[in-house]
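The values are calculated or read from the model by the stated rules, or taken from the named source; none is laboratory data. Please read these numbers as outputs of a predicted model, since none were measured by experiment. Cβ: placed from backbone, ideal geometry, glycine included. Neighbour counts: every protein chain shown. These accessible areas exclude ligands, DNA and RNA; they are computed on the full protein's heavy atoms, side chains included. Shrake-Rupley method; radii C 1.70, N 1.55, O 1.52, S 1.80 Å.
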Amino acid sequence: MTGDREPPTAVVNEATLATIDRWVTYRVWHSHVPGAQVAIGFGGELVFSAAYGYANLEQRAPMRTDHLFRIASHSKTFTATLILQLVEQRRLSLDDRVGNHLAELNDHELGDIVLRELLEHTGGVLRDGKDADFWLGARPFPDHDEMIALVSAGAKRPPGELFAYSNLGFGVLGAVLSSATGKPYAEIVRQQITEPLNLTNTAGHYVSERADDYARAYSGLSTGLQRQRFDHVDTRALDAAAGVTSTAEDLVTYFGAHAFGDVRLLSDRSKRLMQRTANLADPTKADGPAYGLGTAVESFDEHRTVGHGGGYPGHITRSLLDPENGLVVVALTNAVDGPASQLAAGVLKLVDDARAHPAKDGPPFEDVLDRTGRYHNLWGMLDLCVVGSRLLATHPAEWDPLDGADELEVVDHDQLRIVAGNGYGSIGELVTFAADGSMRYGSMTLRRVDELPERSDIFS
């Protein structure tokens, strides 16, 4: 790792981590999502890891940090990493024809597509074929022969013309990896990624012997008043596109190894190639999300992040890495409508604000930390919390955790003052506390809420 990065202990203080934990807890509860894992890493070290809600609604089994998730299209970053490792070893070239490695496609027009085009989704290969109901559980995922047949059905765009996402294209890359190494995709993942990083809960496919360790997968609430359960299935020839199993903690380590200065998996030169913008996801949005080689690229304030999202039947996941400083945020959810992207973005915003306002003289606001927490009235929830060196009142019902936040100063243990915020609020007024734990914020009373009520509507 580079020597000029902040130590992990300087990223966020304990009070800020408590704020993050409380915000995620509320968002998972408010969203009715069954469960989630969230983890934060910095400089190659795990800073925060927690689990929320339920891994199994039927048994009301709490989510744990070691429950396994199907991280779906995160798998594409694994595949790109493996391809670039072989490029570094001069066993592959990004300009190799697919047909040079897969005899079934050598004489087909798609055999002339090169590996680089598949990695950046410009190969013109169909996204999932003409019948993708395997994503609905209607039939098994394709095996190798069926995948080749689906690819051979024809291109949807001329190669190199336009970014057009393709799971089949990454299935082909997985077959190329197996052809080049003589090993199954999951075995290559184990040897080249999980063992070097000591990722004990990550595998290149569905691990059936650990079936009970997987968080159960659920439909969205749009399908009815109650969620329906999906069974986990083997993604077979599409493992390289969507098959990898992992946890939030393992993904913090994995993506941390893609930060500049960490050469456990790839050289910095290869990481720059992998992470640079190759195409815009939507050509009409110049500042919108983009794509590199098997890597999603997105901007959040001052961050240019790389990583990926994943959508598997019943599991929605998101990982963000700032490769310049090694900050990683991972959010995994176990429902089709799981707000993984929103959770990851909100946590990143809180971490950024804490780093922008560092507490330099020891833990801040120790004398009033017992006052922090959730408060509620008929108008909604207010969280009195610490972010970095600031004491804030935030609205946890918002996906932007700092939207509409007020900043406060301490008068004494029983009184605070609102010193900054939206002028429509109560700037300049006092916040006082009563003996029963309630809080009068400006002129309105809010009751303390230490535990959120259990939501009966999320159970099947």
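Just list whichever of Lys271/Lys349; Lys130/Lys271; Lys76/Lys360 have alpha carbons separated by over 31 Å in the model shown. Too far apart for the 31 Å limit: Lys130/Lys271; Lys76/Lys360.
For Tyr214, the residues whose amide H sits under 5 Å from its own are Leu68, ignoring neighbours fewer than 5 places away on the same chain, with H placed 1.01 Å from N. In the chain, with Lys and Arg counted as +1 and Asp and Glu as -1 at Cβ, which of these residues, Asn334, Thr295, Gly169, has the Cα nearest the positive end of the dipole, that is, farthest along it? Most positive-ward Cα: Gly169. When the chain is described by a simple charge dipole with +1 on each Lys and Arg Cβ and -1 on each Asp and Glu Cβ, the residue from Gly44, Met147, Phe433 located farthest towards its positive end is Met147.
Suppose we keep just the DSSP beta bridges with both residues in the chain; what percent of those would be antiparallel, to 5? Walk me through the numbers on the way to the answer.
Numbers: 76 of 78 bridges.
Within the chain, antiparallel bridges account for around 95 percent of the total.
Other residues whose C-beta falls under 9 angstrom from the C-beta of Gly204 contribute a net charge of -1, scoring Lys and Arg +1 and Asp and Glu -1.
For the range 343-384, which trypsin sites (Lys or Arg not before Pro) pass both filters: DSSP loop (anything but H, G, I, E, B) and at most 13 other C-beta atoms within 10 Å?
Values: sites: Lys349, Arg355, Lys360, Arg371, Arg374; in loops: Lys360.
Passing sites in the range 343-384 are Lys360.
Backbone geometry of the range 166-179 corresponds, through the Karplus equation with coefficients 6.51, -1.76 and 1.60 at θ = phi - 60°, to 3J(HN,Hα) couplings of 8, 5, 4, x, 6, x, 4, 4, x, 5, 5, 4, 5, 5 Hz, x marking Gly and Pro. Each of Val28, Gly380, Phe134 was placed along the dipole of the chain (beta-carbon charges, centred on the mean Cα), and the one lying farthest toward the positive end is Phe134.
Just to confirm the filter: which chymotrypsin sites (Phe, Trp or Tyr not before Pro) across the range 354-460 are DSSP coil and have at most 11 other Cβ within 10 angstrom of their Cβ? Present the calculation step by step, with values, prior to reporting the outcome.
On the way: sites: Phe365, Tyr375, Trp379, Trp399, Tyr424, Phe433, Tyr441, Phe459; in loops: Phe365, Trp379, Trp399, Tyr424, Phe459.
Listed in order of number, the matching sites are Trp379, Tyr424.
About the Cα centre of the chain, what is the dipole size in debye to 20, counting +1 per Lys and Arg Cβ and -1 per Asp and Glu Cβ, all else neutral?
On the way: 42 positive and 64 negative charges, 126 e Å.
That gives a dipole near 600 debye.
Computed over the chain, relative contact order equals 19 percent, with contacts defined as Cα pairs under 8 Å that lie 6+ residues apart. Residues in the chain average 42 Å² of solvent-accessible surface per residue, probe 1.4 Å, ligands and nucleic acids excluded.
Let me check against my output: what whole-number percent is the relative contact order of the range 306-460, with C-alpha pairs under 8 Å and at least 6 apart? Show your work: numbers first, answer last.
Working: 272 pairs, mean separation 20.1, N = 155.
Across the range 306-460, relative contact order equals 13 percent.
In this structure the amide hydrogen of Phe230, modeled in the peptide plane, comes within under 5 Å of the amide hydrogens of Ala217, Tyr218, Ser219, none closer than 5 places in sequence on its chain. Restricting the range 117-203 to trypsin sites (Lys or Arg not before Pro) that sit in a DSSP loop and have at most 15 other Cβ atoms within 10 Å of their own Cβ leaves Arg127, Lys130, Lys156.
Summarising the amide proton neighbourhood of Tyr54: residues at separation of 5 or more, or on other chains, whose placed amide H is nearer than 5 Å comprise Gly35, Ala36, Met63.
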